Structure formats: C-alpha cells, structure tokens
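Peer 1: Starting off with a structure, shown below.
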Amino acid sequence: MGKRLREEALSPVLHIHQENGSSSIESKRRKLHQADEVDKDDVDNRTTIEELNNGKTLNGIYDQDGDEAKVARKEEKRRLKAAKQANGVRNNHDSTSSDIQVVPEADKAARKAEKRRLKALKKASSNAQASDAAGDVVTSPQINGGSNKQNGHIYSGRYTESEELTALSQSQVDDYLSQHSITITDPESKTTLRPITAFSYLPDATVQGSSLFTSFAAPTPIQAATWPFILAGRDVIGIAETGSGKTLAFGVPLIKHITSTKTKAKSKSPARAVIISPTRELAVQIHEQIETIARLAGFKAVCIYGGVPKEPQKEGLKTASVIIATPGRLNDLLQERSADISNVDYLVLDEADRMLDKGFEEEIKKIISETLPTKQRQTLMFTATWPQSVRALANTFMQNPVKITIGDHASGELRANTRIEQRVEVLDTHPRTKETRLLQLLKELQPPRTNKKSGDAQANRVLIFALYKKEAARIEQFLHQRGHNVAGIHGDLSQDRRSAALNGFRAGTTPLLVATDVAARGLDIPAVKAVINLTFPLTVEDYVHRIGRTGRAGSNGLAITFFTEHDKGLAGGLVNVLRAAKQNVPEELLKFGGTVKKKQHDAYGAFYKEPVGDKKATKMRFDD
C-alpha cells in the first residue's frame, strides 16, 4: 500500500522528467540508427578487413611504382586500421551513449582515409601515364609522330627513326659503337637510341638536301651518337676530343628545335637559343657555321663578344633567334638590359671545361639564371674533359642528361689524338737554343718567303705556340726579320688584328702563325701541317689542346714540343699522354722522373681538395 502510494506520488515527477528528456533520448536513438545505416553502406570496409585477415591485397595499389604509390599504401593502411577499430567497437560494446559517440567518429576517420587513398591512387595513375609517354621519346628504337610534352616544351612532332636506320641489324649498330669507342649512359633507360650513321638518316629533309654536308662523307661519331637524343629533346653531355665536329652536333638539331617547338613567351625577344663559347675566335667560328644553318631554316643568328663596339651587336639582338656569345660580353649586355634571353629554351655550353678553367663559372651561372627554368629548357654541354667542376655544373643545371663519351676513356680524362705524331725535344735553357732550332724546323716544314707576293696559298701551315704575350710578339718579329710571312694572335692585339691574322692563316696567305693559348681551344683551321710548342704550357691539358689544332677532320698531324729543365714538374704528365697515344718517349724526358704534379687550385694552390658530395658530417666534441 505504501509502495503504491510512493509510486503515485513520484509519478508526476517521473512523467515530467520523461517529457523533459525525451528529446535528448530520441536524438541519441536517431544518431545510433544513422550510425547503423552507415555501417550497412560501408560494406567495403568490412570486406577489406576480411581480405586483410585472409592475406589478400589490392593489386591496384601495390602494383604501382613511385612515391605516389607509397603514399597510397600508407593511406590504405590507415583506412584498414580505422575500419578495424570501427568494427571492434561495434562488436565489443553495447549500444550506450558512449557507443553512439565512438562509432560515428571511427567511421568518419575511415571515410577520410578512403578519400585520401583514392586521391593518391588517381595522382599515381596520372603520373605513371605521363612518365610512360615521356619514356617512349627516349627509349624506344622508333618513335611515332604526334604531340608530345617533353621537359615543359610542347612538340608539334617527335623524333622518328628513319626506316633505313631501323632496318640495320643490331650487330651493325654494335660494331659501329665498338669501332668508334662510343659509350652512352642514359639514367632513364637501358635501351639507347641508334646513332645516325648517315646524313640520309636525319629526319629533317631541309638538312638532308642542303650543301651543309657536301665536304663530309658521313657524320662524325659525336654527331651520330648525340643527334638522336638531342632531336628527342633530351639534355645531353658530349665528351670528345677537339676537332671532332661538335659544332654541327648541336647546330643541326637547332633547326628542328626552333621550327618544331613552341614556348610561352615571357617577353618580345626573339632569342630562343644561346651558345656560350670561351674565346672570341671560337665564338666567331661557331657563328659562321650556325649562320649557314640559320639561313636554311629562315632565322637569324648574332655573335656577341668583347673587343668590338656594342651597338651593332645590340642591333643584331633585336631580330636574332640564336645568340653565340662569350660569357663576359653577354653578361655586360644583360646587366645593361640590352639583351633579353628569358625565352631561351635551348642552351649550349661549348668547351665547358675550358670556360671553367678560365674562371667563367659565375658568369655562366648568371647567364643560365636568365633563361627558362631547367625543366623547360634543353641544355647541352660539350667538353673535352670531365673534371669535378664540370660534373657539378651539370648536376646543377641539367635534367637527367644522357652522357655520351667518344674514345676509350669513359672517365672523361683528356687524351691526345692518336693520329698526331708527337715529338718531344729536350733542349738546354739557353735563350737562343729554341730560336735556332725553330729556324731549322721551319726549313724542313716550310721554305722561307723568296718572292714579293703577298703569300703562297699552297705553303704548309705551321702554328707556333708561345706561353706569354711578349714572347709571342718577340718570336713574330724574329721570324719576320728572317724573311718569313708570319702573323700573330695574343691578348695585347686588337680584335681586328687578331681576326685579320686568323683569316690570313686560314686562307693560307699567311702560312705562319704565332699564338698564345688563346688559339689552343676549338679553332678549326684546315690543313695545319704542324704545331710547334716553343714553350711548354702551364698544364698538360693545355698541351693536348694545343696539339689538337693539327690532325683534324680525320687527317694526320705533327706536333713538335721543346722541353727544358724549367718544365720538369710536368714531365710525368707528359709521359703519360705520350704513352696513352702510343708515342715514343725520349730517354732525356724520362730522366726528369715520372711523378705527376698534383693539380692546383687557382685560389687555394696545392692545399685544395675536390669536394665530396656524399661525405657525412662528423660531430665535434670539445673538452669541458
């Protein structure tokens, strides 16, 4: 009776509490019902958990390659973990108010993980398709036509291997590579493009039918090996001896690049290509050949170098698509805002090792920074050696370059042309000994001037190298007084006199030329009978470049070098060069010893060590 009375007394209170709390209880029940509905729709999560427990994986994820696939796998693991947690909560807890809060949070995390996974998979798939398309340009023996986006450039046509070249057997291709000691290293593929061993294999009909190759029977090895990769839009490093035809190696593909590629112009400048050269004479020589190529395709080229007025060069920059320049003068015009290379997407560094040796590294970096970014620019580097300084430059400004080495020295060490006969004569240090011996050699190689004509064009050309400018001027005057038709090239002469002397020597009207090392690199002077090193250069590398002025274009040459006790520190390096080229080593030279002098840095001298990029830092501890 009392119990019933108490319940009747409390019933209004319970009724009031029920009315006040009904909304919150109903809300919790609706949330629980929604969570159950989500669980019913989220069948894939439970299925995935079952597959995971059974040892199954998603092939679509784990078959992918690359960083995006790794991200996708991480996201998949997170999703599975979240799904497991959600499933565990549903199995191990009752439907309490705490359950109502935990289950939706776990499901929400699982759904977010699933979205991230799908996004990562989509990105991985798109990048894989893009990499496959780019890889076809480089690795396939034959590349079909069509639109292609390569290194940021939109190509209206791809490089297509000619049917005649494709018809060659692989053994014929391998024999050619072996015969010319061609080594091709491609970081993107083990399959290399076939060398273009005949001019008829070139894809551009304009170049095939031109008079550009009338004086050549076939492409040189550096041309044959580099052309396919350059035409395909790849960055290329060409390592070959001097006189190997590197100018046409980067000049011929220039036609297709300018006529077949489009770039988003940042300015009104027409310049699309820049070719950088270490010396004025080499820049002029490159310009002469590029100008011939430019006329075939209907564009213009300008040559930029110091020692001459700037105004004609500034005028030429207004209409030139190709700029051939020395680093110093081009930087001057860039600082004056007289030159604009912001649209340049074809950059060539010719004689790169020589430019770095001459201290042009900072100037080169400034020039490169004014062009399009690395991914939107095709960069070509040609060098005779492969030192650490050149490697560092390539790693900084090139994108996965193909390295092509001509010769049996894949390391890129400098070696002399084996077609050049090298004679080394060890003389005493008396100042007149060299001059007397020089006159004797000239009588053998070339008779003195005996008539009043301007010169005999049929006379043998002899190039004489001196070490210093004053020495070159003195030897030039000495020979002129003794009846020789001679000219000189060195830094104290004006550019007009230097150009006149070089043109006369090329034409044969001045068969004797006395020069400093300014004429040691890159100059293509036909039919030089002999090179005489009156004074040995400061480095063995410069010696190799000096004698490389003879024996060019497949012909034989002769190099005669005077060596004295003052040069004994370089005897070991010279002996190595002679032996590598299978030349005779005189006994007098061996008496100086075979030690190779350590190469010194311009600023740090002998206390210099090449930086090692992968060396780990060491932790330093100090005593208390």
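The values are calculated or read from the model by the stated rules, or taken from the named source; none is laboratory data. Every value quoted in this text rests on a predicted model; they were computed, and no experiment measured them. So basically every Cβ, Gly included, is an ideal-geometry build from the backbone, and we count neighbours across all protein chains shown.
Residue by residue, here is whether (1) in a strand (DSSP E or B); (2) closer than 22 Å to residue 441 by Cβ holds:
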{"position": "496", "(1), (2)": "no, no"}
{"position": "525", "(1), (2)": "no, yes"}
{"position": "545", "(1), (2)": "no, yes"}
{"position": "551", "(1), (2)": "no, yes"}
{"position": "555", "(1), (2)": "no, yes"}
{"position": "561", "(1), (2)": "yes, yes"}
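Peer 1: Let me ask something else about it. Working carefully through the options 271, 325, 283, 224, find the one that is aliphatic (A, V, I, L, M) and either in contact (Cβ under 8 Å) with a residue 60 or more places away in the chain or over 29 Å from residue 387 (Cβ atoms) (or both). It would help to see each step written out before you state the result.
Peer 2: Numbers: 325 fails: either in contact (Cβ under 8 Å) with a residue 60 or more places away in the chain or over 29 Å from residue 387 (Cβ atoms) (or both); 283 fails: either in contact (Cβ under 8 Å) with a residue 60 or more places away in the chain or over 29 Å from residue 387 (Cβ atoms) (or both); 224 fails: either in contact (Cβ under 8 Å) with a residue 60 or more places away in the chain or over 29 Å from residue 387 (Cβ atoms) (or both).
Just a single option satisfies the conditions, and that option is 271.
Peer 1: Under 8 Å between Cβ atoms, which residue pairs at least 6 apart in sequence (or on different chains) link something in region 161-173 that is small (Gly, Ala, Ser) with a partner that is not in a helix (DSSP H, G or I)?
Peer 2: Going by the 8 Å Cβ cut-off, the qualifying pairs are 162/202; 162/203.
Peer 1: So, one more: Identify, by number, the condition in (1) crowded, with 21+ Cβ neighbours inside 10 Å; (2) touching a Phe, Trp or Tyr at 6+ places or on another chain (Cβ under 9 Å); (3) within 29 Å of residue 193 (Cβ to Cβ) that residue 390 doesn't meet.
Peer 2: Single failed check for residue 390: (2).
Peer 1: Sticking with this one: Given (1) more than 17 Å from residue 248 (Cβ to Cβ); (2) in a helix (DSSP H, G or I), identify the lone condition not met by residue 188.
Peer 2: (2)
Peer 1: Given the condition surrounded by 21 or more Cβ atoms within 10 Å (Cβ to Cβ), modelled with pLDDT under 90 and not aliphatic (A, V, I, L, M), answer yes or no: does some residue in region 413-424 qualify?
Peer 2: Yes.
Peer 1: Considering only region 554-584, how many residues are farther than 15 Å from residue 540 by Cα and of a type outside the set (S, T, N, Q)?
Peer 2: Here the count works out to 5.
Peer 1: Tell me the strands (runs of 3 or more DSSP E) entirely within region 236-309 that contain at least 2 residues that are at pLDDT 90 or above and closer than 28 Å to residue 403 by Cβ.
Peer 2: On the way: elements: 236-239, 273-276, 301-304.
Of the strands (runs of 3 or more DSSP E) lying wholly inside region 236-309, those with at least 2 residues that are at pLDDT 90 or above and closer than 28 Å to residue 403 by Cβ span 236-239, 273-276.
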